[in-house]
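Written below as structure tokens is the structure these notes are about.
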Amino acid sequence: MAAITVTVESIAAGGDGVARAEGFVVFVPRSAPGDVGVVDIAMRGSFARAPFTEVVSGSASRVTPSCPHYTIDRCGGCQLQHINYRAQLDAKSRIIRDSILRIGKRPMEPPHVEPSPSEWRYRRKLTLAMQRHGPRWIAGLHPYDSPRKVFALEDCPITDERVVALWKTIMEAQSLLPLASALRGAVRIDHDMGATFVLEGGDVWPDAPRFFDAVPDLCELWWIPERKRRRLMQQRGSASTLGASFAQVNAPVAARMQEYVLARVMSYRPSSVIDGYSGAGELARALASAGARVSAIELDPDASAHAARHLPSGSRSVSGKVEEVLPSLLPADVVVLNPPRTGVDGRVTEQLEQCDPAPRAIVYVSCNPATLARDLSRMPRYRVAALRAYDMFPQTAHVETVCELVPLSA
């Protein structure tokens, strides 16, 4: 091991600081641009990852983290609590620009990142890992440097207090959980439906009704047994058919982003729109209400069925993989893509490259700048007309990006 002094220059996509010494790149967790510190590294390869053993000079953007878990348990749920909010937004803007330049080979200025109205208590959904320790369960998150471990979560200051309180009630009823070595649970608070709990794991759950009775604030209880589909176990009121799968964790930012996407799509005055990875169809319904004929594509059959029930005549929801369904729906005036973090399948970009006539626009909503950049590199037929980002997840390194593409000839 060698002790070297480095200066952190920027923040990488995962939240680590980036430093360089004699051509050697060092990723430094929990560091800030401008930090000068000492790291112990093994000089092998072209890069390393190591925390500071000593901070020689701290950055002006450093702040004291609000959450004890962030420092005591090295919680991996957040990555940026140690820098101020303005610096977080700047870091995310540069992460997007650098990814699109380095991977997508498209030079551009760092985009504006719309801030969240709330830096704390914005999450209305919290998913925790659950591990059995002797006769009892603990529910929590993973240390950033030990992803197989789970520490017991006492509070999460980026999460709505009602969600945290529900988790505490759930853990008080833990004797009624299924027998298993590990489980995973998600609590969601929805303004329209109330509270939902989705549990993953286990093969049998005979005490599900008693568990539901023991947590009276829940409106719905869902279970995903091992190797089986999600099922609704108990409910108070009408069922949603969706569970917590498609909830936006930061409702105000999600609403602003959807308004922007809707406005950009409708600015092209489209007759036909394809909404790929449409989820429960919220955007598809808004597009249809604005006068477009919408074809929504969603793999999850429950979400697709939910969208179909709420779309007006002339629009439709198709359950299937976007790469398999898209060719039968093209051409279209505008295509919306809102894929998971893995981005779109290569067949999707190939189909959009070859489509004749080309869509007037592609509006790509991304939660991962790296896969967005990769997918842009696969579509040289289109240029970036606009790029805007939204801080859906303050205190973390995650960011949502809306990229508007138009044909080069436009």
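Taken together, the criteria exclude T342 from residues that are among the β-branched types (V, I, T) and either assigned by TED's automatic domain parsing to the domain that holds D16 or buried (at least 17 other Cβ atoms within 10 Å of the Cβ) (or both). Of (1) farther than 18 Å from L405 by Cα; (2) assigned to a helix (DSSP H, G or I); (3) in contact (Cβ under 8 Å) with a residue 24 or more places away in the chain, P340 satisfies all except one. Which? So P340 meets the others, but not (2).
Residues in the range 191-206 that are at pLDDT 90 or above and either in contact with a Ser or Thr (Cβ under 8 Å, 6 or more places away or on another chain) or in a strand (DSSP E or B) (or both): A195, T196, F197, V198, L199, E200. Within the range 354-388, being under 18 Å from Q248 (Cβ atoms) and buried (at least 24 other Cβ atoms within 10 Å of the Cβ) holds for V363, Y364, S366.
Looking across the range 124-164, the residues that are of a type in the set (G, A, S) and either touching a strand residue (DSSP E or B) at 6+ places or on another chain (Cβ under 9 Å) or free of Cβ contacts under 8 Å to residues at least 60 places away in the same chain (or both) come down to A129, G134, A139, G140, A152.
In the range 173-204, which residue that is under 14 Å from M130 (Cβ atoms) and among the charged types (D, E, K, R) is surrounded by the most Cβ atoms within 10 Å (Cβ to Cβ)? Ranking the candidates gives E200 first. Taken over the range 113-166, the criterion of being over 20 Å from the mean Cα position of the chain (by Cα) and either assigned to a loop (DSSP other than H, G, I, E, B) or not assigned by TED's automatic domain parsing to the domain that holds V187 (or both) is satisfied by G134, P135, D145, S146, R148, K149, V150, L153, E154, D155.
Look at the range 197-219: where a residue is over 22 Å from V164 (Cβ atoms) and a partner is among the charged types (D, E, K, R) and modelled with pLDDT under 95, sitting 6+ places away or on another chain with Cβ atoms under 6 Å, you get D203/E226. How about the range 249-333: which strands (runs of 3 or more DSSP E) wholly inside it have at least 1 residues that are touching a residue at least 40 places away in the same chain (Cβ under 8 Å)? Correct list: 272-276.
Number of residues in the range 351-370 that are in a helix (DSSP H, G or I) and in contact with a helix residue (DSSP H, G or I) (Cβ under 9 Å, 6 or more places away or on another chain): the value is 4. Is it the case that some residue within the range 301-318 is closer than 23 Å to L376 by Cα, of a type in the set (D, E, K, R) and touching a strand residue (DSSP E or B) at 6+ places or on another chain (Cβ under 8 Å)? No, that holds for no residue. Going by the conditions given, is V325 under 21 Å from the mean Cα position of the chain (by Cα) and not small (G, A, S)? When the stated conditions are applied, V325 does not pass them. Filtered by the rule that a residue be buried (at least 20 other Cβ atoms within 10 Å of the Cβ) and closer than 20 Å to D160 by Cα, the range 131-149 gives A139, G140, L141. In the set S66, S57, only one residue is more than 21 Å from E119 (Cβ to Cβ), surrounded by fewer than 19 Cβ atoms within 10 Å (Cβ to Cβ) and not aromatic (F, W, Y); that residue is S57.
The values are calculated or read from the model by the stated rules, or taken from the named source; none is laboratory data. Just so we're clear, the structure is a prediction, and the values are computed from it rather than from any experiment. Heads up, the Cβs are rebuilt from the backbone with ideal geometry, glycines too, and the neighbour counts pull from every protein chain shown.
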